[in-house]
Amino acid sequence: MKYWPRHPPTAVRDPQLSQEDFQRIAQLAHAEAGLTMPDAKEPLVYARLAKRLRQLSLTSFTAYLDLISRPEGRDERSMFISSMTTNTTRFFREEHHFELLSERVLPPLLDAARHGARVRFWSAGCSSGEEPFSMAITLLELCPDAGHYDIKILATDIDRKILGRAQAGWFAASSLAALPDAVLAHHFGPPDRDGRREVSADLRALVTFKPLNLVKPWPVTRPFDVIFCRNVAIYFDPDTQNRIWRGFASTLAPGGHLFIGHSERLSHEVRHQFETVGMTSFRLRAPPPTGGSGKEIFGGTQGQH
């Protein structure tokens, strides 16, 4: 009897990322989200997208780019932006910001709220939610009945996938490990079988999550008293960074505070409008321009908070 040799199945080759495809990816990432993609990021781009191509049974980056460039690829285009963004955060990251918030910024705002004033905070680029919930914890530690006043935190991010995680309000034990036991007891539920804890109802009541792309029209028309936008602008080119800073300057209330990342710097064009009040912490010197809001910088609004 003759036996024919058995051949292994043909292996599926990983897609190759051409320079042309990489340039298309870089252009799309910049157009959709303001992200800069220098050539040095090509390995990172490949690592993040190759897995997605395999999940979609696509054999080339060209086919993937053609898909997300078509109207019917809108949902996948959102997945593309999620793949291109970096989500690194933790509770009370850059603790000095929260010390300043607690000791100097919040007391007069809370006093105003107790007398009927509207007080608004914005966590721009909130990632998985640790930042806005840290803001809410700081609020409740100073004012346990903050939910009875007109105090709200808007938390936004371009990445709808990570925003869904933030809105769910469940955090792994590893994310909560650095929090004091008293904070866990007061502001989180009991751990589940995996050690995860859910944020309290009081925290949820203070925070509203919404998708927002900082390089597109901002859906805000009324001023904010405090804006946190930390370690977000570093992913933008200088011109986009300047537009972001101008947008914040015109969206803050007179005397409002802006907190940025430790490696970020305000552009020369807006720096004179702010006084330094702490490390990468600023107070708006002058009232915003007449009619000032994000719509003047980015071309329109889609609602208000």
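The values are calculated or read from the model by the stated rules, or taken from the named source; none is laboratory data. Computed from a prediction, not measured in an experiment: that's the story for all the values here. With ideal geometry, Cβ positions are generated from the backbone for all residues, glycine too; neighbour counts draw on all protein chains shown. Remember, those area values only see protein heavy atoms, side chains included, never the ligands or the DNA or RNA. Shrake-Rupley method; radii C 1.70, N 1.55, O 1.52, S 1.80 Å.
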Taking region 135-163, which residues are closer than 15 Å to Ala112 by Cβ, among the charged types (D, E, K, R) and in contact (Cβ under 8 Å) with a residue 40 or more places away in the chain?
Lys152
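Okay, residues lined up against (1) surrounded by 15 or more Cβ atoms within 10 Å (Cβ to Cβ); (2) outside any helix (DSSP H, G or I); (3) at pLDDT below 85:
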position: Met1; (1), (2), (3): no, yes, yes
position: Thr10; (1), (2), (3): no, yes, yes
position: Glu20; (1), (2), (3): no, no, no
position: Glu32; (1), (2), (3): yes, no, yes
position: Glu42; (1), (2), (3): yes, no, no
position: Leu58; (1), (2), (3): yes, yes, no
position: Asp66; (1), (2), (3): no, no, no
position: Met79; (1), (2), (3): yes, no, no
position: Asn87; (1), (2), (3): yes, yes, yes
For region 182-195, state whether one or more residues are within 15 Å of the chain's Cα centre (by Cα), open to solvent by less than 70 Å² (accessible area, probe 1.4 Å) and within 21 Å of Ala166 (Cα to Cα).
no
Output for region 244-270, where each listed residue is among the basic types (Lys, Arg) and either crowded, with 17+ Cβ neighbours inside 10 Å or closer than 21 Å to Arg104 by Cβ (or both):
Arg246
Based on what the data block shows, is Arg74 basic (Lys, Arg), within 24 Å of the chain's Cα centre (by Cα) and either surrounded by fewer than 15 Cβ atoms within 10 Å (Cβ to Cβ) or at positive phi (or both)?
yes
Residue by residue through region 196-212, note down the ones that are open to solvent by less than 30 Å² (accessible area, probe 1.4 Å) and either touching a residue at least 40 places away in the same chain (Cβ under 8 Å) or under 21 Å from Asp159 (Cα atoms) (or both).
Val199, Leu203, Leu206, Val207, Phe209, Leu212
For Pro15, all conditions in the list (1) at pLDDT 85 or above; (2) surrounded by 12 or more Cβ atoms within 10 Å (Cβ to Cβ) hold save one; what is the number of the exception?
(1)
Can you tell me which residues in region 145-163 are under 17 Å from Ser82 (Cβ atoms), open to solvent by less than 40 Å² (accessible area, probe 1.4 Å) and in a helix (DSSP H, G or I)?
Ile162, Leu163
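Output the residues belonging to region 116-144 that are closer than 23 Å to Asn87 by Cα, in a helix (DSSP H, G or I) and not polar (S, T, N, Q).
Within region 116-144, Glu130, Glu131, Pro132, Phe133, Met135, Ala136, Ile137 meet the criteria.
Quick grid of which residues meet (1) modelled with pLDDT under 95; (2) basic (Lys, Arg); (3) out of contact with any Pro (no Cβ under 9 Å at 6 or more places or on another chain):
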| residue | (1), (2), (3) |
| --- | --- |
| Phe188 | no, no, yes |
| Arg196 | no, yes, yes |
| Arg204 | no, yes, yes |
| Val207 | no, no, no |
| Pro217 | yes, no, yes |
| Arg222 | yes, yes, yes |
| Phe228 | no, no, no |
| Asn231 | yes, no, yes |
| Phe236 | yes, no, yes |
If you take the residues of region 213-231 that are in contact with a Lys or Arg (Cβ under 9 Å, 6 or more places away or on another chain), open to solvent by less than 30 Å² (accessible area, probe 1.4 Å) and β-branched (Val, Ile, Thr), which of them is farthest from Gly247 (Cα to Cα)?
Val226
Test set (1) touching a strand residue (DSSP E or B) at 6+ places or on another chain (Cβ under 7 Å); (2) crowded, with 17+ Cβ neighbours inside 10 Å - Tyr46 fails condition number:
(1)
So, in region 89-132, of the ones that are buried (at least 19 other Cβ atoms within 10 Å of the Cβ) and small (Gly, Ala, Ser), which residue ends up farthest from Lys216 (Cα to Cα)?
Ala113
